[in-house]
Amino acid sequence: MTLAPTGPMLIEARDLSYRVGGRLIMELGAFTAARGEHTLLLGPSGSGKTTLINLLTGLRTPTTGQVWIDGQEMSALPAGARDALRKRTIGLVFQTLRLVSALTVRQNLSLAQHIVLGRSEAAEIAELIERVGLSHRADARPRELSQGEAQRAAIARALCTRPALVVADEPTSALDDANAQAMADLLLRSAAATGATLLIATHDTRMKQRFARTLELKPALQAAA
Ligand SMILES: Nc1ncnc2c1ncn2[C@@H]1O[C@H](COP(=O)(O)OP(=O)(O)O)[C@@H](O)[C@H]1O
Ligand SMILES: [Mg+2]
């Protein structure tokens with residue numbers, strides 16, 4: 001196990017690369033994010049944003065390099081401990097939302113809390129659902145929601161386990177200008193309320209003005225690299 005560089009960083013990464021069949025898909029020399037420090041991960045489609053998120057959250061193991069989350073080296077942990085660290089520390093909003101289709105919005109949050117916290121808090125769930133503007137849709141199932149509503153439900157689900165880190169993959173790409181700005185407001189306000197750190201991947205340059213700190217991935221890396 002490699003020791004994490006000292007400091008209060010929530011995320012640290014060094015010399016990351018990811019290859020599939022010899023093809024270099026993602027490369028990043030160094031990245032850190034302190035607690036409460038938000039980062040916009042920018043790059044065109046195919047530049048490796050989703051891959052980088054998968055590496056930083058331990059969903060994939062890098063070909064080279066290390067990732068530390070909250071001082072623990074992800075890839076040095078056994079799979080079970082890595083999953084537990086991710087569940088405890090990170091709220092994920094996937095590009096494909098992954099809400100449980102048989103459950104209502106409220107039930108999706110309740111299940112997430114049960115899995116991570118071992119119990120669920122109805123009042124806290126109701127408050128979160130209100131904060132994302134879905135009180136009137138709390139008992140609807142995912143397929144009954146608009147794309148924007150489903151995205152807000154997925155954000156509420158990510159937040160309901162009180163994660164130190166909230167990671168969202170393309171949360172605004174399907175939204176018009178007004179809704180995209182509302183989504184950015186929601187993420188920033190929610191993070192401020194809970195003290196969470198945001199990492200948001202997007203090819204949506206409209207988000208650039210909302211985040212002080214951006215990390216830009218280069219367009220598609222080529223095979224010979
Ligand atoms: N498991 C995989 N096998 C093969 N190619 C992959 C795999 N995952 C991603 N890629 C390729 O890696 C590149 C980066 O993909 P991705 O991380 O999804 O980019 P982005 O999220 O920025 O659009 C793309 O060319 C994609 O086709
Ligand atoms: Mg992607």
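What follows draws every value from the coordinates through simple rules; no lab data is involved. Quick caveat: nothing in here was measured; it's all calculated off a predicted structure. Positions of Cβ are backbone-derived with ideal geometry, glycine not excepted, and every protein chain shown enters the neighbour counts.
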Three-way shape call for region 100-203 based on the alpha-carbon gyration tensor, with the a/c threshold at 1.5: oblate
Sparse-neighbourhood loop sites, trypsin sites (Lys or Arg not before Pro) in region 155-219 - DSSP loop, at most 11 other Cβ within 10 angstrom: R213
Sum of side-chain charges, A184 neighbourhood, beta-carbon under 15 Å (Lys, Arg +1; Asp, Glu -1): +1
Global form of region 40-126, assessed from the alpha-carbon gyration tensor, a/c cut-off 1.5: oblate
Projected label distance in nm at D15 and Q72, using a 7 Å step from Cα toward the beta-carbon: 2.4 nm
DSSP-assigned coil residues among trypsin sites (Lys or Arg not before Pro) in region 72-107, each with at most 16 further Cβ atoms within 10 Å: R98
Helix-only [θ]222 nm of the chain, DSSP H runs n ≥ 4, -39500 (n - 2.57) each, per residue, nearest 500: -10000 deg cm²/dmol
Within a Gaussian network of the chain (alpha carbon springs, distance under 10 Å), most fluctuating of G133, G71, G21: G21
Fewest-first ranking of R137, R152, using other Cβ atoms within 10 Å as the exposure measure: R137, R152
Lysines with Cα under 20 Å of K49, excluding same-chain neighbours fewer than 8 positions away: K208, K218
Where labels lie 7 Å past Cα in the beta-carbon direction, separation of A174 and A220 in nm: 2.4 nm
Span-rule helices in the chain, defined as complete DSSP H runs reaching 24 Å or more along the axis (Cα) with Kyte mean at least 0.0: 177-194
Most fluctuating residue given options L188, L56, L198, as computed from a GNM of the chain linking Cα atoms under 10 Å: L188
Antiparallel DSSP beta bridges within region 9-215, percent to nearest 5: 55 percent
Rounded if a/c under 1.5, otherwise prolate or oblate - the chain, Cα gyration tensor axes: prolate
